[in-house]
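Everything on this sheet refers to the single structure shown next.
The values are calculated or read from the model by the stated rules, or taken from the named source; none is laboratory data. No experiment lies behind these values; they were computed from the predicted model shown. Heads up, the Cβs are rebuilt from the backbone with ideal geometry, glycines too, and the neighbour counts pull from every protein chain shown. Accessible surface areas use protein heavy atoms only, side chains included; no ligands, DNA or RNA. Shrake-Rupley method; radii C 1.70, N 1.55, O 1.52, S 1.80 Å.
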Amino acid sequence: MYRPGRNKWEAECTMCKACTYVCVSNKGAGDLKAHMDTDKHRKAVQGESLSAKLTDFFVRPGKTEDAVNAAEGAFAFHTVKHHNSYRSMDSTSALLKKAFPDSDTAKKFSSARTKTEAIVNGVIAPHSIDVAHEALKEIQYCGVSTDGSNHGAVKIFPIIIQYFDWKRGGMQTKLIEVKDTPNETAETIAQYLIETLAKNNLSEKCIAFTGDNCNTNFGGIRRDEGGKNVFANLKRLLQKNTLIGVGCPAHILNTCVHHGADTIDIDLENIMFKIYQYFHIYTVRTESLKEYCDFVDIEYRRMISHSKTRWLSLFPGIERMIQMFPALKAFFLSQQKPPIVIKKFFENEFSEIYLWHMHSLMSVFHTHIQDMEKEKNSIMEVKKIMNSIHTILLERKSNNFMSLKVKGLLAQKRSDGLGKEYDQFCADVQGLYSTCLEYLEKWMTPMEEFSTFTWMDLSEPPEWNDVEACIKFLGEKGVVIDDVKCFDQVTNLKRFTERCNRDEEFSGLQVHQKWTKYFEKAKSIACYSELLKIAQFVFALSSHNANVERVFSLMQSQWTKERNQLSVESLKGILFVQYNLKDMSYFCAFEICQR
């Protein structure tokens, strides 16, 4: 632990960082003991014991050895960054030795699966959290979001935080925890969130919780604060009555069109699933369908299924079914014993018309949700999208809108003497629009509190009355804004907006990017101190839960590659790197592991 120092009155501590010398001229061994009792020494010892397992994987220091360590780290980063399996590293060492026989680094390179996993879990993944912690030192507010994903008997919850840092490009989202929980009750989820926030010193900075609109998260549309839901528990445990709850608007739109479709005479979801099931593992049936495609002169396309949790994923399925409709109808009606439900569907004279009308409606929802779930969308942009689809539905209902394709098919049916069925279809269309509007208007109500931030989209120069209303709202949330300073800063912002909105490129930026441009152009903090507080608060509000869904996609992809032979801890390391360090260069990974 000690070795001779620079002279006989000093000893160098080998556990602490290099060049840590202890003077022993006063008490001799007592001086050494006193040093061992310091916090500095204890932390060094703890750090040494924690990293012992990891450092055993690396060769001992030296010029070549440093290069080997760095190369192994860069390869580990490459494996995870490009979504490769850890198993792919088992043969890498041998390949490098053959490819570079004269390289000393290649000769000592040893990066098998277990070593790669250790480097990711012990070095690169912790670095991603350290980077987030460093950035958050200057940030006043953040929001938190989570959701659960089933994997066998395990329920895994990733936790994502969102904050605004204009020095690093604006809105930021970071994955700070991934954990399997014993259950998915509101109390368990809330306690998990509280512990994670406390561990990362974010309890005081957290101003909002975002999740989908299930009862477990919010207790219904009224956000029952005394109920047993995650939001109510977070408020109580954080002792923050000002905590803001944001229900996922994409989830609202998804459920909205589902409710509307339930009013029509045909169960499209069930039909789609049964047709998919009928073909997807039966080669003989598929080959027979191909013959029918040739007969009616259409190109064969494979039938596709959908996610049962996202009803709008039916949209491409409906599109495929319309393309294949003549062949499918001919096929099923020619079978001796087809599934009764499918047979009745194709015997219905209006089945194709219902498909075309739902395709028309769902294309609107599908497009809006794609815009809504764009990464780094602000609450203002999402609210504008919600207002847009509400307007479209109102217009469709008032005009009893049906596409020309639908009207053409309807006219044909009416001329065939199906007037009663014609009237029923028109009534179903009205009922569909009415049900969608009723559901949407009900669930848009909680988002009205964010109307006070509308001016922040900078599509027009801000008016002081709008900013003043925003300051009052923030005051109720415990955020103190100096209105005198803010008035002068808004005047500067107004001039900036008037000048920049003439630029097409600026107008096409996301809202957080526009604000980042303003802060970059400002001469000093005196020009934006109060506006920065407002921006950091507003951009900490996660406008949807799509970021968590992205983690689920990464999670599923990695589990598939590793053939489900991956611990939650290893999965956590991979996700930290893939989500938090997706923009990091190989050179940075090289440097991290070399250090």
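Taking region 426-454 only, how many residues are within 30 Å of Ala411 (Cα to Cα) and either open to solvent by 30 Å² or more (accessible area, probe 1.4 Å) or β-branched (Val, Ile, Thr) (or both)?
Residues that pass the stated criteria total 6.
Within region 195-213, the only residue that satisfies the criterion of being in a helix (DSSP H, G or I) and over 18 Å from Gln140 (Cα atoms) is Glu195.
The combined condition, being under 22 Å from Asp428 (Cα atoms), of a type in the set (A, V, I, L, M, F, W, C) and either touching a residue at least 24 places away in the same chain (Cβ under 8 Å) or surrounded by fewer than 19 Cβ atoms within 10 Å (Cβ to Cβ) (or both), is fulfilled by Ile353.
When you scan region 327-343, do you find a residue that is under 26 Å from the mean Cα position of the chain (by Cα) and over 30 Å from Phe164 (Cβ atoms), even just one? No: region 327-343 contains no residue that is under 26 Å from the mean Cα position of the chain (by Cα) and over 30 Å from Phe164 (Cβ atoms). Does region 289-298 include one or more residues that are open to solvent by less than 70 Å² (accessible area, probe 1.4 Å), in a loop (DSSP other than H, G, I, E, B), hydrophobic (A, V, I, L, M, F, W, C) and under 13 Å from Leu328 (Cβ atoms)? Yes - at least one qualifying residue is present in region 289-298. For beta carbons closer than 8 Å, sequence separation of 6+ or different chains, a first residue in region 108-123 that is closer than 15 Å to Leu581 by Cα and a second that is surrounded by fewer than 22 Cβ atoms within 10 Å (Cβ to Cβ) and of a type in the set (Asp, Glu), the qualifying pairs are Asn121/Glu569. Out of the residues in region 413-425 that are farther than 14 Å from Ser351 by Cα and assigned to a helix (DSSP H, G or I), which is most open to solvent (accessible area, probe 1.4 Å)? Checking each candidate, the answer is Lys420.
Residue-by-condition table, conditions (1) open to solvent by less than 30 Å² (accessible area, probe 1.4 Å); (2) assigned to a helix (DSSP H, G or I):
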residue	(1), (2)
Ala118	yes, yes
Gly122	no, yes
His133	no, yes
Ser145	yes, no
Asn150	no, no
Ile156	yes, no
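Looking at the structure I just gave you, is Glu460 under 26 Å from Val382 (Cα atoms), part of a helix (DSSP H, G or I) and free of Cβ contacts under 8 Å to residues at least 60 places away in the same chain? Judged against the criteria, Glu460 is not a match.
Condition check: assigned to a helix (DSSP H, G or I) and over 25 Å from the mean Cα position of the chain (by Cα). Does Thr452 satisfy that?
Yes, satisfied.
Given the criteria of a type in the set (Val, Ile, Thr), touching a Leu at 6+ places or on another chain (Cβ under 8 Å) and more than 21 Å from Ile207 (Cβ to Cβ), does Val490 qualify? For Val490, the condition - of a type in the set (Val, Ile, Thr), touching a Leu at 6+ places or on another chain (Cβ under 8 Å) and more than 21 Å from Ile207 (Cβ to Cβ) - is met.
Within region 260-270, the residues that satisfy the criterion of being touching a Leu at 6+ places or on another chain (Cβ under 9 Å) and part of a helix (DSSP H, G or I) are Gly260, Ala261, Leu268, Glu269. Note on region 511-551: residues that are in contact (Cβ under 8 Å) with a residue 60 or more places away in the chain, open to solvent by less than 30 Å² (accessible area, probe 1.4 Å) and within 26 Å of Tyr579 (Cβ to Cβ) total 20. Residues that are surrounded by 17 or more Cβ atoms within 10 Å (Cβ to Cβ) and either modelled with pLDDT of 95 or more or of a type in the set (A, V, I, L, M) (or both) within region 312-329 comprise Leu312, Leu314, Ile318, Met321, Met324, Ala327, Leu328, listed in sequence order.
Count of region 221-250 residues, restricted to those that are open to solvent by 70 Å² or more (accessible area, probe 1.4 Å) and under 24 Å from Lys205 (Cβ atoms), is 4. Do the conditions hold for Glu184, that is, is it assigned to a loop (DSSP other than H, G, I, E, B), open to solvent by 30 Å² or more (accessible area, probe 1.4 Å) and either in contact with a helix residue (DSSP H, G or I) (Cβ under 8 Å, 6 or more places away or on another chain) or within 16 Å of Ile244 (Cα to Cα) (or both)? When the stated conditions are applied, Glu184 passes them. In region 491-502, the residues that are of a type in the set (Phe, Trp, Tyr) reach residues that are part of a helix (DSSP H, G or I) with C-beta atoms within less than 8 angstrom, at least six apart or across chains, in these pairs: Phe496/Tyr518; Phe496/Lys521.
I'd like to check something: does region 459-473 contain any residue that is in contact with a Cys (Cβ under 8 Å, 6 or more places away or on another chain), open to solvent by less than 70 Å² (accessible area, probe 1.4 Å) and of a type outside the set (Val, Ile, Thr)? No: region 459-473 contains no residue that is in contact with a Cys (Cβ under 8 Å, 6 or more places away or on another chain), open to solvent by less than 70 Å² (accessible area, probe 1.4 Å) and of a type outside the set (Val, Ile, Thr).
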